[in-house]
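The values are calculated or read from the model by the stated rules, or taken from the named source; none is laboratory data. Keep in mind that what you see is a predicted model, and the values were worked out from it rather than measured. Here the Cβ positions follow ideal geometry from the backbone for every residue, glycine too, while neighbour counts run over all protein chains shown. All accessible areas refer to the heavy atoms of the entire protein, side chains included, with ligands and DNA or RNA removed. Shrake-Rupley method; radii C 1.70, N 1.55, O 1.52, S 1.80 Å.
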Amino acid sequence: MDLRHFRYVQQIAEERSFSRAAEKLYIAQPALSQYILNLERELGTKLFDRSKNPISITYTGELFLQKAKMIIEIEDELHNEIRNSIQSDKGRLTIAISPNRGSYLLPKILPVFSQVYPNVEIKLQEGLTGSYADLLLKDMADVAILAGPIEDERLENVPIQKEDIMLAVAPGHRLVECAQENGDDYPLISLGLLKDEQFIISRPGQGLRIMADELFESAGFKPKIYLETQSFETAHRLALSGLGVAVSASTLGPTNLRDPLKYLKPLEKSFFRTIVIAYKKRKTIPWTIREFVNISKETMQAYCVSHYKDKVD
């Protein structure tokens, strides 16, 4: 038995097909089948039930696979540590992040990170947050930045910023006059005053839509939806044109001092979520992930302190 057998069993179990697994492993399907037959003879038991289509893994195969994954992870960690010691500050970091959040966060974080580690190549996986856990667990992304946390015990979630849910309206909107001043913070608006408004909100399944639905439920009314969109920029521009109230967040508009929209917070209840960096738990965290998390936390903490001071001044 050698390390190849562990990876072969894992790939077959994932694909539930010898032919598809062979393609992914870049070996001939007959050769792969023979490897597994020899392994089963050595173990004295079947690892896969070939009588079904697609094939399924046996109980013994599940036991084998559990240990195989542990061995593969140890081997990968060893290779990573060796590469790190050889390459020093050279590496690659793949970040899963939505285009909306990336347009706000990455221009703040990446210049700092790249100044410290100029030899680290950055790649992006842009998409909806629902796929991030899968990307991390399959090593298709090193880190994911999202409104979290991701509820999976195999993943670590590190908070980097709090994000308040806001209501964005055009400067001349009637709600601006109805809002109550709130010291140095954003004006407050009673949710009851929103009942007759029409809204521009995110599409179902997006994180901001989940928070919007919670807000409407708390207010006790079903919103009049003018438009659903994946783009916060589209929502903001339509709100600015007077077509409705956009459900936004404190990281998506209010932080831009040139943004002409007016932002209001719900009076009755604070709605917020936490922005996190998620990554797969390992015994040894790759230095690129560790340093990116640390720099992101420090950068966003410094930015929030600076922005709040500018806002007060």
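Residue by residue through the range 218-229, note down the ones that are open to solvent by 30 Å² or more (accessible area, probe 1.4 Å), farther than 19 Å from residue 263 by Cβ and out of contact with any strand residue (DSSP E or B) (no Cβ under 7 Å at 6 or more places or on another chain).
220, 222
Suppose we keep only residues that are among the hydroxyl-bearing types (Ser, Thr, Tyr) and within 16 Å of residue 289 (Cβ to Cβ) within the range 93-116. Which one would you say is least open to solvent (accessible area, probe 1.4 Å)?
Applying the filter and picking the extreme gives 94.
Residues of the range 179-190 being touching a helix residue (DSSP H, G or I) at 6+ places or on another chain (Cβ under 9 Å) and modelled with pLDDT under 90, which ones?
Result: 184, 185.
Can you list residue pairs whose Cβ atoms sit under 7 Å apart, with the first residue in the range 225-251 being closer than 14 Å to residue 175 by Cα and the second being loosely packed, with under 15 Cβ neighbours inside 10 Å? Count only pairs 6 or more apart in sequence or on different chains.
Taking only residues 6 or more apart or on different chains, the pairs are 240/260; 244/198.
Does the range 1-51 hold any residues that are in a helix (DSSP H, G or I), of a type in the set (D, E, K, R), within 24 Å of residue 76 (Cα to Cα) and open to solvent by 70 Å² or more (accessible area, probe 1.4 Å), and which are they?
4, 7, 14, 20, 23, 24
Restricting attention to the range 55-77, does a residue exist that is outside any helix (DSSP H, G or I), open to solvent by less than 40 Å² (accessible area, probe 1.4 Å), in contact (Cβ under 8 Å) with a residue 24 or more places away in the chain and among the aliphatic types (A, V, I, L, M)?
Looking through the range 55-77, at least one residue is outside any helix (DSSP H, G or I), open to solvent by less than 40 Å² (accessible area, probe 1.4 Å), in contact (Cβ under 8 Å) with a residue 24 or more places away in the chain and among the aliphatic types (A, V, I, L, M).
Can you find a residue in the range 263-276 that is at pLDDT 90 or above, buried (at least 18 other Cβ atoms within 10 Å of the Cβ) and under 30 Å from residue 71 (Cα atoms)?
Checked against the condition, which is being at pLDDT 90 or above, buried (at least 18 other Cβ atoms within 10 Å of the Cβ) and under 30 Å from residue 71 (Cα atoms), the range 263-276 yields at least one hit.
On the basis of being at pLDDT below 90 and surrounded by 14 or more Cβ atoms within 10 Å (Cβ to Cβ), does residue 81 make the cut?
no
Go through the range 237-260 and report how many residues are farther than 12 Å from residue 104 by Cβ, modelled with pLDDT under 85 and surrounded by 15 or more Cβ atoms within 10 Å (Cβ to Cβ).
Total satisfying the criteria: 0.
When residue 285 is evaluated against the numbered criteria (1) open to solvent by less than 60 Å² (accessible area, probe 1.4 Å); (2) free of Cβ contacts under 8 Å to residues at least 12 places away in the same chain; (3) part of a helix (DSSP H, G or I), which criterion, by number, is the only one it fails?
Unmet for residue 285, out of (1) open to solvent by less than 60 Å² (accessible area, probe 1.4 Å); (2) free of Cβ contacts under 8 Å to residues at least 12 places away in the same chain; (3) part of a helix (DSSP H, G or I): (3).
For (1) among the aliphatic types (A, V, I, L, M); (2) at pLDDT 90 or above; (3) closer than 30 Å to residue 127 by Cα; (4) open to solvent by 20 Å² or more (accessible area, probe 1.4 Å), each residue gets a yes or a no:
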| site | (1), (2), (3), (4) |
| --- | --- |
| 157 | no, yes, yes, yes |
| 174 | no, yes, no, yes |
| 177 | no, yes, no, yes |
| 202 | no, no, yes, no |
| 211 | yes, no, yes, yes |
| 216 | no, yes, yes, no |
